[in-house]
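Worksheet: one structure, shown below.
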Amino acid sequence: MRVFVTGATGFVGSAVVTDLIDAGHEVLGLARSDAGAKSLTAAGADVQRGSLEDLESLCRGASESESVIHCAFIHDFSKFVENCEIDRRAIEALGSALEGSQRPLLVTTGVAFLAEGRTATERDTPPPPNPATYPRASEAAAAAVAARGLRVGVVRLPPSVHGDGDHGFVPILINFAREMGVSAYVGDGLNRWPAVHRLDAAPVYRLALEKRSAGTRYHAIAEEGVPFRDIAEVIGRRLNVPVVSKTPDEATKHFGWFTRFAAADAPASSAATRDLLGWRPKQPGLIADIDRPRYFER
């Protein structure tokens with residue numbers, strides 16, 4: 001099928017594009033820059049110029065395709081509330097372009113705060129978005145589009161999607177350790193982060209489309225919960241800095257805006273996704289993957 005992919009040049013989206021093309025599908029990828037367009041062409045994809053804020057470009061890409069995968073999100077946490085609203089409007093626009101058809105839409109969101117303190121499953125639903133706590137509205141927007149009769153599915157990603165080119169949570173922790181001279185965790189450090197390699201996450205999107213089960217929630221989770229202290233210990237050893245525990249108050253000073261993520265206990269299961277899609281992760285786990293020199297290159 002012909003698939004329109006937003007975020008097609010991003011960390012996860014580029015892996016999705018490659019996986020789709022390798023499986024014989026055609027891809028139309030959204031690109032906001034010449035460099036992005038060039039990388040998509042090199043990968044064998046067609047290019048739709050535009051951005052998340054260019055709703056006309058989103059509608060045009062969706063209308064020219066048989067299905068849509070929405071991977072894009074602006075990861076600027078200094079403007080998180082604003083970027084969540086941009087994401088909501090983008091999902092609404094994509095839904096509008098697909099309305100009246102049976103063409104599926106897959107929306108990307110996360111599991112980080114879905115069911116803190118217990119293992120989240122595909123059956124769990126997030127609380128309504130709240131600007132004061134967690135404003136990301138991807139799943140609420142997907143539900144609103146689905147209520148209009150569209151085939152909408154959700155792919156939930158863990159806090160740590162890892163692999164070469166990672167610029168997410170683990171590199172943020174590495175930077176904190178470099179700046180502060182210690183690799184820290186909160187309390188006993190046994191709070192858990194689920195994880196997946198980007199090359200394992202990509203097939204979840206493709207399989208969901210191929211199996212025509214787009215009205216479902218999927219968990220692209222390879223590891224249910226990696227203790228945060230284990231991550232901190234790899235970082236400390238690689239940077240040759242002490243690994244230390246921080247009280248909640250001390251953690252706020254150390255991690256700043258990232259404290260909630262550093263303290264989150266957010267294990268998540270993917271048992272239902274594996275059963276439904278026949279998905280089996282094959283790539284290295286989080287600890288093995290980050291325990292390499294490449295993760296610590298400046």
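The values are calculated or read from the model by the stated rules, or taken from the named source; none is laboratory data. For clarity, every value in this text was computed on a predicted model and none was experimentally measured. Here the Cβ positions follow ideal geometry from the backbone for every residue, glycine too, while neighbour counts run over all protein chains shown. Only protein heavy atoms, including side chains, enter the accessible area calculation; ligands, DNA and RNA are left aside. Shrake-Rupley method; radii C 1.70, N 1.55, O 1.52, S 1.80 Å.
Each Lys and Arg Cβ is given +1 and each Asp and Glu Cβ -1; about its Cα centre, region 11-80 then shows a dipole of about 220 debye.
Share of carbon and sulfur in the accessible area of region 202-257 stands at 44%, probe radius 1.4 Å.
With the dipole of the chain worked out from charges on the C-beta (+1 for Lys and Arg, -1 for Asp and Glu) around the Cα centre, which of Thr273, Ile172, Val17 lies farthest toward the positive end? Positive-end residue among those listed: Thr273.
Here the ratio of the Cα radius of gyration of the chain to 2.2 N^0.38 Å is 0.98.
By the rule of a C-alpha distance below 26 Å, with chain neighbours fewer than 8 residues away ignored, the lysines paired with Lys211 are Lys282.
Are there GluC sites (Glu not before Pro) in region 229-298 that DSSP puts in a loop and that have at most 12 other Cβ atoms within 10 Å, and which ones? Filter output for region 229-298: Glu297. Helix 80-98 and the long axis of the chain differ in direction by around 20°, with both axes built from C-alpha atoms.
Between Phe296 and Arg123, the distance separating the two model label sites (each 7 Å from Cα on the Cα→Cβ line) works out to 4.4 nm. When DSSP beta bridges are restricted to pairs lying wholly in the chain, around 10% turn out antiparallel.
Each Cα pair under 8 Å and six or more residues apart adds its sequence gap; the mean of these over the residue count of the chain is a relative contact order of 19 percent.
Roughly what angle does helix 228-239 make with the longest principal axis of the chain, taking Cα atoms, 0 to 90 degrees, to the nearest 10? The helix 228-239 is inclined about 70 degrees to the chain. The relative contact order of region 1-64, computed from alpha carbon pairs under 8 Å that lie at least 6 residues apart in sequence, is 30 percent. Rounded to the nearest 10 degrees, the inclination of helix 34-43 to the longest alpha-carbon principal axis of the chain is 80 degrees. Among Ile74, Ile91, Ile235, the largest mean-square fluctuation in a Gaussian network model of the chain (Cα springs under 10 Å) belongs to Ile74.
So what is the accessible area of the chain per residue, in Å², with the probe set to 1.4 Å?
43
Candidates Phe228, Ala201, Asn191 compared by Cα position along the dipole of region 162-293: farthest toward the positive end lies Ala201, with charges placed on Cβ. Solvent-accessible area assigned to carbon and sulfur over region 1-133 amounts to 48 percent, based on a 1.4 Å probe.
With +1 on each Lys and Arg Cβ and -1 on each Asp and Glu Cβ, how big is the dipole of the chain about its Cα centre, in debye rounded to the nearest 20?
220
Overall, region 84-208 carries a charge dipole of about 340 debye about its Cα centre when +1 sits on the Cβ of Lys and Arg and -1 on the Cβ of Asp and Glu, all other atoms neutral. A Förster radius of 30 Å combined with the Cβ-Cβ distance from Lys253 to Ala144 puts the calculated FRET efficiency at roughly 0.15. As a calculated quantity, the FRET efficiency between Glu53 and Arg178 at R0 = 51 Å, using C-beta atoms, amounts to about 0.95.
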